[in-house]
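Each remark here refers to the structure printed beneath this line.
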Amino acid sequence: MLLQLFCIIILFLLSVVCLYYWFLLFASFSRAKDETIKGNKKITFAIVIPAHNEEDVIAATLSSCKGLEYPADKYQIFVVADNCTDKTADMARKHDVAVFERFDDSNKGKGFALAWAFDRILQEDFDVILVVDADCLLDAGTLAELTVVLAQGDEVIQINYCVGNPDESPMSYALAVGNFIENELFYAPKSQLGMAVILRGTGMAIKADVLRKYPWDAHSIVEDIEYSLSLIKANYAIKFLKKVRVISPFPVTHEQLKVQRTRWASGNLSFGKKEAFNLILEGVKNRNMAVADAGWSFLVLSKPLLLLGLCAAVLVSIACVFFAPGDFSTFLLIFALVVTFLYIAYFVVGIYRFGLSWRRFFYLMQVPVTVINLMFVSMLGLIGFKKDDWARTPRS
């Protein structure tokens, strides 16, 4: 029966993804080898902060960057005020940092702003470029820790991107848990195992020589993913650094969620639809497992879409029991429930490792509403509803 065949296909795909998740989960419990390599504090950094109408938050970001525990003469801060109509540039100048103002109605977006800024900054003698969004804070030891990783031979590094307001609302908590799972249970073990890691837009450290060899030519709303793939195809491994954090506030209200996540989902999912299978085939054909794994990652990374798949599997298996009763349909329903249980157990482990409190336990009771919102936003992204401009997320 076609209904049973459809159910088998869904359950097979969900089972493969589930095994992949649990494999990485177990890998996350293994400790990386202790390294005795010391960092070189003679390494020079250019901290690049792209900003579009961020006058309300950029002061805190600049204060964080200026307070880093690293020789002050070994790093410089650059603010790229891109098509700003507020006082972002003026606020940055008050903090005595270099400010680039860019006005280009034809080429709007973070990707264009970064490419424009890199062309200018790479003319100077910096060793590493670190990109930080205008609403982010850095751990004080970020640059010092980066020198250690650079001394180990890594050339492209993604800093641990963390939520700064996990306890502000049920929504920010749900997003924080999802982000923690993505970092600690997905990218961290993948990096440790030498698998594909994708840059996340902020907290990206790239050696200047890499940018000179492979100029930033990514201009879509998923510019970080585009550039990641160009590096992976060129056999550059992206290192995930979990010891230090780049911290950003996440959406608290449904309005903020809709603006930010619709943009993210539309970009990521539309890119995934176009490229995921091509990358897998290309990786297998060229025996480049990093490329194949990158394509696979795009298929499995969206938790809301996986939840939609689980719902579909359970509903279709129930339909099989009603419309094609028998032992096989009963088996499909039981199998769907077992797979669902394994996914729930996976998320429970993530929730536990993220940390629980009475407030968070209370928020957990309200998480289903946020999850439904995320699933809705993901569906909008999947069907192509998107925003191509650099839309600023409303602040609390």
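So here's what we get for this one:
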| read-out | value |
| --- | --- |
| Qualifying residue in region 24-38 (condition: of a type in the set (D, E, K, R) and farther than 21 Å from residue 189 by Cβ) | yes |
| Residue match in region 6-18 (condition: out of contact with any strand residue (DSSP E or B) (no Cβ under 7 Å at 6 or more places or on another chain) and outside any helix (DSSP H, G or I)) | no |
| Matching residues, region 202-222, being crowded, with 19+ Cβ neighbours inside 10 Å and either within 12 Å of the chain's Cα centre (by Cα) or within 18 Å of residue 127 (Cα to Cα) (or both) | 202, 203, 204, 205, 206, 207, 208, 211, 216, 222 |
| Residues that are over 19 Å from residue 208 (Cα atoms), of a type in the set (Ser, Thr, Tyr) and in contact with a helix residue (DSSP H, G or I) (Cβ under 9 Å, 6 or more places away or on another chain), drawn from region 71-92 | 88 |
| Qualifying residue in region 238-248 (condition: assigned to a helix (DSSP H, G or I), out of contact with any Lys or Arg (no Cβ under 9 Å at 6 or more places or on another chain) and not assigned by TED's automatic domain parsing to the domain that holds residue 63) | no |
| Residue within region 93-100 that is within 22 Å of residue 223 (Cα to Cα) and either buried (at least 21 other Cβ atoms within 10 Å of the Cβ) or out of contact with any helix residue (DSSP H, G or I) (no Cβ under 8 Å at 6 or more places or on another chain) (or both) present | no |
| Pairs where the first residue, in region 317-340, is in contact (Cβ under 8 Å) with a residue 60 or more places away in the chain and the second is surrounded by fewer than 17 Cβ atoms within 10 Å (Cβ to Cβ) and not in a helix (DSSP H, G or I), C-beta under 7 Å, 6+ apart | 324/1 |
| Residue that is of a type in the set (A, V, I, L, M), farther than 23 Å from residue 19 by Cα and over 19 Å from the mean Cα position of the chain (by Cα), where the choices are 318, 280 | 318 |
| Some residue of region 7-30 being more than 28 Å from the chain's Cα centre (by Cα), without any contact (Cβ under 8 Å) to a residue 12 or more places away in the chain and either assigned by TED's automatic domain parsing to the domain that holds residue 352 or within 30 Å of residue 299 (Cβ to Cβ) (or both) | yes |
| Flag if residue 70 is touching a strand residue (DSSP E or B) at 6+ places or on another chain (Cβ under 6 Å), farther than 11 Å from residue 134 by Cα, in the same structural domain as residue 132 (by TED's automatic domain parsing) and hydroxyl-bearing (Ser, Thr, Tyr) | no |
| Residue that is modelled with the highest pLDDT, among those in region 27-51 that are exposed (fewer than 11 other Cβ atoms within 10 Å of the Cβ) and within 21 Å of residue 72 (Cα to Cα) | 42 |
| Among residues of region 195-219, those that are in contact with a helix residue (DSSP H, G or I) (Cβ under 8 Å, 6 or more places away or on another chain) and either assigned to a helix (DSSP H, G or I) or of a type outside the set (Val, Ile, Thr) (or both), counted | 16 |
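The values are calculated or read from the model by the stated rules, or taken from the named source; none is laboratory data. The structure displayed is predicted, hence computed values, not measured ones. Here the Cβ is made from the backbone with ideal geometry for all residues, glycine too, and neighbour counts use every protein chain on show.
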